[in-house]
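Student: Just passing along the structure, written as structure tokens.
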Amino acid sequence: MRHLQDERNASVYTVRNYSQALNDFALWYESQAKQGPPWETLGREDFRGFLRALGRKGLSRAATQLRFSALRSFYKFLVRRGIVVASPIKGIAMPKQEKRLPRFLTLEQMNALLEAPLRDLAAHQAASPDHDRSPFLRDVAVLETIYSCGLRVSELSALRVSDLDLGEQLVRVLGKGKKERQVPIGAPALEAIQCYWRELAAPPQGDEPVFRARREQNTPVSPRVIQLRLKKYLVSAGLDPHLTPHKLRHSYATHLLDAGADLRSVQELLGHAHLVTTQVYTHVSTERLKKAYYKAHPRS
């Protein structure tokens, strides 16, 4: 885990997921062999047995792939350290990943969602004129920023004031693997942030978080709080409350491509290491084109 964190700059989520995956294998092996796994002498059949066990549990292909990615990475580490000669996982066939198109909001749905916090604030103020405005104004700014910049929710939570270049309308983002990128931020998002800051006793500065958990506290709003608040606004806007903050990122990418942005630029904006990760959004646009064709063409 120290190697992942310090030498490979893996995110906290990767470290957590890989640690859990290795523990899952160790627990399974102990339940079969009544002892902890002797990592140096395990063979291919041990891991094939684990793969079959995961299949019997009905784990998704993505969850199975994650566990074997962790095991594969662990054995690469052992080989490099000279602890084992070769990886026993090499050559084990994995179940193919399901091809699922990312869900996204239409422009009309996105606008309805972005307007939801202010609608909710108006309703609260009608009942109680002294109601604290700051959580609602923060949420307007949060939603505008996620959609304007295509941020992961963890990236948004980690934003500091020093990451914003208001004059150039740019945001410095620390993404997966601690890779830094710069993305443009639109005027509506910047106006929403400044409107939120005006509601605070004093605007945050320097390394202070852009979005606070509470008005009086200088701690950043957590990804979990963002997710719960989003669910509330999805209901308010008449949308599916099961949509996650990541779907706003999907919407950002899809809307850019629909408006003519090139794939390589969208890859850079999203912070994807590989173009193939971004290409899934072209399938979304293609599916929409096909639907429009079959609906409108007289000889489709």
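None of the figures in this text is laboratory data; all of them are computed from the coordinates on show. Not measured: the values here are computed from a predicted model. Note that we place each Cβ from the backbone using ideal geometry, even for glycine, and neighbour counts take in every protein chain shown.
Student: Using alpha-carbon positions, what is the distance between the centroids of the range 9-29 and the range 234-267, in Å?
Tutor: That distance is 30 Å.
Student: Say R0 is 30 Å: what FRET efficiency, to the nearest 0.05, do Glu268 and Arg160 get from their beta-carbon distance?
Tutor: Plugging the Cβ-Cβ distance into 1/(1 + (r/R0)^6) gives 0.85.
Student: When the gyration tensor of the range 30-96 is built from Cα positions, what are the square roots of 5 times its three eigenvalues, in whole Å, from largest to smallest?
Tutor: Working from the Cα gyration tensor, I get semi-axes of 21, 15, 9 Å.
Student: Rg/Rh for the range 68-147 to two decimals, with Rh computed the Kirkwood way over all alpha-carbon pairs.
Tutor: Ratio value, two decimals: 1.42.
Student: Calculated FRET efficiency, Arg119 and Ala259, Cβ-Cβ r, R0 41 Å, to nearest 0.05?
Tutor: 0.95
Student: Hey, another quick one. Suppose R0 equals 30 Å; then what is the FRET efficiency for Asn9 and Ala93 from their Cβ-Cβ distance, rounded to the nearest 0.05?
Tutor: 0.50
Student: On to the next question. Using only the alpha-carbon atoms, how far is helix 61-80 inclined from the longest principal axis of the chain? Give it as 0 to 90 degrees, nearest 10.
Tutor: In the chain, helix 61-80 runs at an angle near 60 degrees to the longest axis.
Student: Quick one: in the range 1-46, what % of C-alpha pairs are over 18 Å apart?
Tutor: It works out to 42 percent of all Cα pairs.
Student: Holding the Cα-Cα limit at 31 Å, pick out from Lys90/Lys247; Lys34/Lys57; Lys178/Lys231; Lys57/Lys247; Lys34/Lys90 the pairs that are longer than that.
Tutor: Long pairs (Cα-Cα over 31 Å): Lys90/Lys247.
Student: Would you calculate the separation in nanometres between label points at Arg72 and Ala127, each defined as 7 Å from the Cα along the Cα-to-beta-carbon direction?
Tutor: About 5.2 nm separates the two model spin labels.
Student: For a protection proxy built on the mean count of beta-carbon atoms within 10 angstrom, sort 133-142, 36-45, 71-80 highest first, please.
Tutor: Top of the packing list down: 133-142, 71-80, 36-45.
Student: Using the alpha-carbon atoms, what tilt in degrees (0 to 90, nearest 10) does helix 44-56 show relative to the longest principal axis of the chain?
Tutor: Helix 44-56 sits at roughly 50 degrees to that axis.
Student: Work out the P(r) tail for the range 107-293: percent of alpha carbon pairs separated by more than 29 Å, whole number.
Tutor: 23 percent
Student: Another question, if that's okay. Taking the chain as the reference, fit the longest principal axis to its C-alpha atoms, fit the long axis of helix 187-198 to the helix C-alpha atoms, and give the angle between the two in degrees, 0 to 90, nearest 10.
Tutor: 80 degrees
Student: Extension gain Tyr294-Arg214, at 0.36 nm per residue separation less the Cα-Cα distance, in nm?
Tutor: 23.8 nm
Student: Subtracting the Cα-Cα distance from 0.36 nm times the residue separation, let me have the gained length for Asn23 to Arg198 in nm, one decimal.
Tutor: Going from the current span to full extension adds 58.2 nm.
Student: If you don't mind, another one. With just the Cα atoms defining each centre, how far is the range 196-211 from the range 46-66? Give it in Å.
Tutor: 47 Å
Student: Starting at the first residue of the range 252-257, write each ³J(HN,Hα) from the Karplus equation 6.51 cos²θ - 1.76 cosθ + 1.60 with θ = phi - 60°, in whole Hz, x for Gly and Pro.
Tutor: 4, 5, 5, 5, 4, 5
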